[in-house]
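The values are calculated or read from the model by the stated rules, or taken from the named source; none is laboratory data. The shown structure was predicted, so the numbers you read here are calculated from the model rather than taken from an experiment. Every residue, glycine as well, gets a Cβ built from its backbone with ideal geometry; the counts of neighbours run over all protein chains shown. Surface accessibility is based on the protein's heavy atoms, side chains included, excluding ligands, DNA and RNA. Shrake-Rupley method; radii C 1.70, N 1.55, O 1.52, S 1.80 Å.
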Amino acid sequence: MPTDYYAVLGLARGASDSEIKRAYRRLARDLHPDVNPDPGAKERFQEVNRAYQALTDPDKRRIVDLGGDPFDTAAAGMGGNPFGGAGFGGLGDIMDAFFGGGTTTRGPRSRVRAGGDALIRVELDLDETVFGTTKDITVDTAVLCTACSGAGTAPGTHPATCSTCAGRGEVQSVQRSFLGQVVSSRTCPSCAGTGQIIPEPCPQCGGDGRVRARRTIPVKVPAGVEDGMRIRLTGHGEVGPGGGPAGDLYVEIHERPHAVFTRDGEDLHCRVTLPMTSAALGTTLSLKTLDGETDLDIKPGTQSGSVLTLRAQGAPRLRATGRGNLLVHVEVQTPTRLDAEQEKLLRELAVLRGEDTAGSSRETQQGFFSRVRDAWNGH
Ligand SMILES: [Zn+2]
Ligand SMILES: [Zn+2]
């Protein structure tokens, strides 16, 4: 509820001007801090003074009589409006004016406000995300104006109290609406709600207290980061208006695709192709991993599609110890374009292994069906 300024002076609503003056003089004499040592007297004295001001100024008194508070800068609920006051608009304003909502007393807003966060992307190669790195990144953000240290004033000058709102940051007016007369308050258009104006702005920042600047800062990328992760650099974002505290800078990791390895969290995957003979006979391959050359042991009889696991050759675990694995997917190539001698050798091999299907297809098919039947019956 708004303060009942009549009650503060011990009066009933609608008291006359002379009654108001008389009540004020009596109370002011009793409560004046020079004569009254009571600790509560000073606060009460200020209250009485405010009530007197509210009831002796015709405009303010009209606001009081309409149920508003002429000193309540938040009466119309305009707080937080990014467009600096849209005037009298919403039904909420009317309700506030009539029923006294939004009585939180709020002074002028500060010219100094916190800065926003900034986001920058950085592209890294796989070995950089896996092993970590330090990258110099160039950011373009608002930084503190060095000429005025954020004050926004030209050297040797100072901000002045806004004359439009007398430093309150908001202006109140009484307007007609379909409900009758209502009180509304809005952000002061002259000072954007700060209660201050800068008569001579700083020539370097134009009064904003900050300037845009490009700078290069080193960013430490921890081992094991993944694509899309963000590294936060506290206080490296945008400096706020009036030199307000800077927001944070977020560095978003983008991992470039690698020619050989694909990544799945902490595991890496790659594919090797083997000639059929190597897969059958076994061999040792030299594989170039992110850690260097390593021997990959292909056992005799390795099947296409089998996966060989190289333990702890993947990416480090970001929130634990150890590393993921490197999974090598084996693909066996069937030989094509056989010359006559190769074909002859393969046929001989097929006969030796009982795999020759050319001359005895019926038997083989029967064998195939009997195997399927056995499998079906659980043999
Ligand atoms: Zn400046
Ligand atoms: Zn103003």
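Which of rounded, prolate, oblate describes the stretch 211-278, given a ≥ b ≥ c as roots of the alpha-carbon gyration tensor eigenvalues and a/c under 1.5 marking rounded, otherwise prolate only if a/b is larger than b/c? Intermediate values should be presented prior to the final figure.
Details: a/c = 5.38, a/b = 3.92, b/c = 1.37.
The shape class here is prolate.
Would you please put 42-54, 116-128, 236-248 in order of how densely packed they are, using the mean number of other Cβ atoms within 10 angstrom per residue and starting with the highest?
The packing order, highest mean first, is 236-248, 42-54, 116-128.
Classify the stretch 113-268: rounded, prolate or oblate, from the alpha-carbon gyration tensor (a ≥ b ≥ c, eigenvalue square roots; a/c under 1.5 rounded; otherwise prolate if a/b is larger than b/c)? Each step should come with its number before you reach the end.
On the way: a/c = 5.26, a/b = 2.16, b/c = 2.43.
Cα axes put the stretch 113-268 in the oblate bin.
How big is the dipole moment of the stretch 222-368 about its Cα centre under a simple scheme where the beta carbon of each Lys and Arg is +1, that of each Asp and Glu is -1, and everything else is neutral? Debye, nearest 20, please. List each step's numbers first, then the result.
Details: 16 positive and 21 negative charges, 46 e Å.
So the magnitude is around 220 debye.
How do Arg347, Arg109, Arg176, Arg29 stack up against each other in accessible area, from largest to smallest, with a 1.4 angstrom probe?
Numbers: Arg347 130, Arg109 60, Arg176 195, Arg29 160 Å².
Ranked from most to least accessible, the order is Arg176, Arg29, Arg347, Arg109.
Please list the non-local residues whose amide H lies under 5 Å from the amide H of Ala154, H modeled 1.01 Å from N, same-chain partners needing a gap of 5 or more.
Glu200, Cys202
Rounded to a whole number, what % of the accessible area of the stretch 268-357 do carbon and sulfur atoms account for, probe 1.4 Å? Intermediate results must be reported in sequence, preceding the final value.
Details: 3100 of 6080 Å².
Carbon and sulfur atoms account for 51 percent of the accessible area of the stretch 268-357.
Using a 1.4 angstrom probe on the protein heavy atoms only, could you order Leu11, Leu179 from most to least accessible area?
Details: Leu11 40, Leu179 85 Å².
My answer, sorted largest first, is Leu179, Leu11.
List the residues, sorted by chain then number, that are 5 or more residues from Leu296 or on another chain and whose placed amide H is less than 5 Å from its amide H.
Correct list: Leu285, Ser286, Leu287.
Tell me which lysines have Cα within less than 18 Å of Lys60's Cα, excluding those fewer than 8 residues away on the same chain?
Hits, sequence-local ones excluded: Lys21.
Would you list, by chain and number, the lysines whose Cα falls below 26 Å from the Cα of Lys135, excluding same-chain residues fewer than 8 positions away?
Leaving aside lysines fewer than 8 places away in the same chain, those within reach of Lys135 are Lys220, Lys288.
Given a cut-off of under 8 Å on Cα pairs at least six residues apart, what relative contact order in percent is computed for the stretch 194-247?
Values: 33 pairs, mean separation 17.4, N = 54.
Rounded, it is 32 percent for the stretch 194-247.
In terms of modelled amide H atoms, which long-range or inter-chain residues lie less than 5 Å from the amide H of Ile137?
Counting only residues 5 or more places away or on other chains, the set is Ile217, Val219.
Would you mind pulling out the separation of the Cα centroids of the stretch 189-228 and the stretch 113-176, in Å?
Using only Cα atoms, the two centres lie 3 Å from each other.
Label the stretch 216-346 by shape, choosing from rounded, prolate and oblate, from the square roots a ≥ b ≥ c of the eigenvalues of the Cα gyration tensor; if a/c is under 1.5 it is rounded, and otherwise prolate applies when a/b is larger than b/c, oblate when it is not. Spell out each step's value before the answer.
Numbers: a/c = 4.93, a/b = 3.26, b/c = 1.51.
In terms of gyration-tensor shape, prolate.
When Lys and Arg each count +1 and Asp and Glu each count -1, what net charge do the other residues less than 14 Å away from Leu119, Cβ to Cβ, add up to? Working shown, then result.
Working: positive: Arg121, Arg230, Arg232; negative: Asp117, Asp140, Glu238, Asp248, Glu252.
Around Leu119, the charge tally is -2.
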